[in-house]
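J.: I'd like to ask some things about the structure below.
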Amino acid sequence: MAAFTYHALDASGRETRGMVEADSSRQVRQQLRGQGLTPLRIDAAAVGAKGLERPTVERGGSRQHRISIAELALLTRQLATLLQAAMPLEEALDAVARQSEKARVRNILLATRSKVLEGRSLAQSMGQYPAAFPPLYRATVAAGEHAGHLDQVLASLADYAEQSHASRQQIKLAMVYPSVLFVLAVGVVTGLMAFVVPDVVQVFSGQGQDLPLLTRFLIGASDFVVDYGLLVLVLIGAAIGAGNYLLRNDNLRLRLHRNLLRWPLVGRVILGANAARFASTLSILTSSGVPLVEALKIAGEVLDNRYLQEAVREATRQVSEGSSLYRSLEASRAFPPMMVHMVASGELSGELDRMLSRIAEHQQRELDHLIATVIGIFEPAMLLLMGAAVMVIVLGILQPIFNLNQLL
């Protein structure tokens with residue numbers, strides 16, 4: 001059976017779309033008419049031209065074929081549960097597809113099932129949607145199929161996807177309050193300088209008295225905000241756009257990412273997040289039976305920092321030439337020393353995958369603690385800065401009043 005996409009009209013004349021499995025387009029039309037639909041167009045489900053035989057290599061994919069990490073975690077957990085209950089793979093895929101509330105996910109799963117029914121492996125079938133199933137996912141599935149433990153591997157993948165989703169959500173939520181506080185502080189100060197200060201200070205301008213230095217500075221700052229505030233915003237936007245354009249250059253991006261790792265706090269957060277992701281990915285791949293060199297190649301691709309990616313590529317080359325993982329990571333000097341020493345312990349004990357899992361947990365705990373510390377420092381700092389700005393504005397307004405009272 002193959003998968004077909006269709007456009008049809010229902011009894012009320014509204015257009016509907018979907019995907020069904022059938023032996024031919026004629027059978028699809030019969031099914032649609034049996035459901036009270038009038039078929040308009042029927043096409044074979046689109047399949048990627050690359051990567052069906054090598055699911056760990058291809059990249060990209062249509063945006064409409066992307067699956068969020070939360071959706072991927074849910075369908076992986078459902079699929080693992082059904083396989084552990086001894087349900088055949090094609091039936092499990094069909095059941096998970098029917099349980100999905102989103103047509104996009106349902107269509108992807110049905111198309112994957114149709115390839116499985118044609119005799120392809122699950123990893124090869126997933127290769128037609130590289131945007132939905134990343135290389136890490138497909139390589140792990142391929143290893144699980146080869147070892148005959150697909151249900152256990154999918155359960156581990158579900159754990160990994162759920163942890164990744166929870167970690168990303170935690171970081172996003174942690175950044176919400178500081179971001180809102182910063183925007184409010186800038187907005188309040190800008191509003192005072194643009195609308196309140198000019199009206200209040202204008203009262204003293206016609207008194208003929210010399211205004212205090214702080215008040216004159218306040219007037220100058222207010223005039224600048226009123227006259228050039230919009231221009232400043234445009235320049236900031238242009239600078240951001242120019243920066244994004246320049247970062248398309250690989251050498252510039254590499255230098256920037258290397259320098260970011262040297263920044264206080266920011267560098268520690270970036271290094272901690274990438275180290276945790278690298279260790280977790282490498283752990284699940286090696287424990288699933290993926291060769292270490294191939295696992296390193298895939299794990300390096302999940303890193304966000306270009307400098308760390310290059311370090312992992314060099315370590316991968318050294319491992320492929322016979323060096324140990326510990327020596328290769330130590331030579332890069334890119335990862336935390338504690339992580340490198342724990343890798344050495346894992347290699348010596350023969351339990352590298354378990355040690356990598358512990359490294360991931362350790363790095364994640366340190367990252368959570370560091371983010372909490374940064375936010376704990378940032379919140380009072382922003383309040384102090386906003387309070388200091390408001391105090392300067394108030395003093396700049398009150399000083400002429402005090403001087404006027406003394407003259408009277």
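J.: I need the fraction of alpha carbon pairs in the chain separated by more than 36 Å, rounded to a whole percent. Write out the running numbers ahead of the final one.
T.: Numbers: 39439 of 83028 pairs.
Everything past 36 Å amounts to 48 percent.
J.: Quick check for you: with a 1.4 Å probe and neighbouring chains kept, what is the accessible area per residue of the chain, in Å²? Mind showing how you got there, number by number?
T.: Numbers: 22830 Å² over 408 residues.
Per residue, the chain has an accessible area of 56 Å².
J.: Also, I was wondering about something else. Using DSSP to define loop residues, name the GluC sites (Glu not before Pro) in region 304-408 whose beta-carbon has at most 10 other beta-carbon atoms within 10 Å.
T.: 321
J.: Also: Are there trypsin sites (Lys or Arg not before Pro) in region 245-295 that DSSP marks as loop and that have at most 15 other Cβ atoms within 10 Å, and which are they?
T.: Here the sparse-neighbourhood loop sites are 248, 262.
J.: Now for a separate question. In whole Hz, with x marking every Gly and Pro, tabulate ³J(HN,Hα) for region 104-119 from phi via Karplus 6.51 cos²θ - 1.76 cosθ + 1.60, θ = phi - 60°.
T.: Couplings: 4, 5, 4, 5, 5, 5, 5, 5, 5, 4, 4, 6, 5, 5, 7, x Hz.
J.: Short version: ³J(HN,Hα) in whole Hz for each residue of region 124-130, in order, from phi by Karplus 6.51 cos²θ - 1.76 cosθ + 1.60 (θ = phi - 60°), x for Gly and Pro, what are they?
T.: After applying 6.51 cos²θ - 1.76 cosθ + 1.60, I find 5, 5, 5, x, 6, 10, x Hz.
J.: Once amide H atoms are placed 1.01 Å from N in the peptide plane, what residues at a sequence separation of 5 or more from residue 40, or on another chain, have their amide H within under 5 Å of its amide H?
T.: 7, 8, 9
J.: Tell me which trypsin sites (Lys or Arg not before Pro) from region 311-363 have a DSSP coil assignment and no more than 16 other beta carbons within 10 Å of their own.
T.: Those that pass, being in a loop and sparsely packed, are 333.
J.: Leaving out ligands, DNA and RNA, and with a 1.4 Å probe, what % of the accessible surface on region 263-362 is carbon or sulfur?
T.: Result for region 263-362: 53 percent of the exposed heavy-atom area is carbon or sulfur.
J.: Can you give the angle from 0 to 90° between the axis of helix 213-246 and the longest principal axis of the chain, with both taken from C-alpha atoms, to the nearest 10?
T.: With rounding to tens, the tilt is 20 degrees.
J.: Comparing 83, 247, 230, which has the greatest mean-square fluctuation in the GNM of the chain with Cα pairs linked when under 10 Å apart?
T.: Among 83, 247, 230, the largest mean-square fluctuation in the Gaussian network model of the chain belongs to 230.
J.: In whole Å, what are the Cα extents of region 206-296 along the three principal axes, biggest one first?
T.: In descending order, the Cα extents are 85, 26, 19 Å.
J.: Using θ = phi - 60° and the Karplus curve 6.51 cos²θ - 1.76 cosθ + 1.60, what whole-Hz ³J(HN,Hα) does each residue of region 340-346 get, with Gly and Pro shown as x?
T.: My calculation for region 340-346 gives 5, 5, 5, 5, 4, 5, x Hz in order.
J.: Let me ask you something else. Against the longest alpha carbon principal axis of the chain, how many degrees, from 0 to 90 and to the nearest 10, is the axis of helix 25-34 turned?
T.: Between the helix axis and the principal axis of the chain, the angle is about 70 degrees.
J.: Search the structure for amide H atoms under 5 Å from the amide H of residue 18, placed 1.01 Å from N in the peptide plane, and list their residues when 5 or more places away or on another chain.
T.: Residues meeting the amide H criterion: 6.
J.: Of all the accessible heavy-atom surface of region 106-205, with the other protein chains kept in place and a 1.4 Å probe, what percent is carbon and sulfur?
T.: On region 106-205, the fraction of accessible area on carbon and sulfur atoms equals 63 percent.
The values are calculated or read from the model by the stated rules, or taken from the named source; none is laboratory data. Given the structure is predicted, the values throughout are model-derived calculations rather than measurements. Here Cβ is always computed from backbone atoms with ideal geometry, including for glycine, and neighbour counts include all displayed protein chains. With ligands, DNA and RNA removed, areas are computed over all heavy atoms of the protein, side chains included. Shrake-Rupley method; radii C 1.70, N 1.55, O 1.52, S 1.80 Å.
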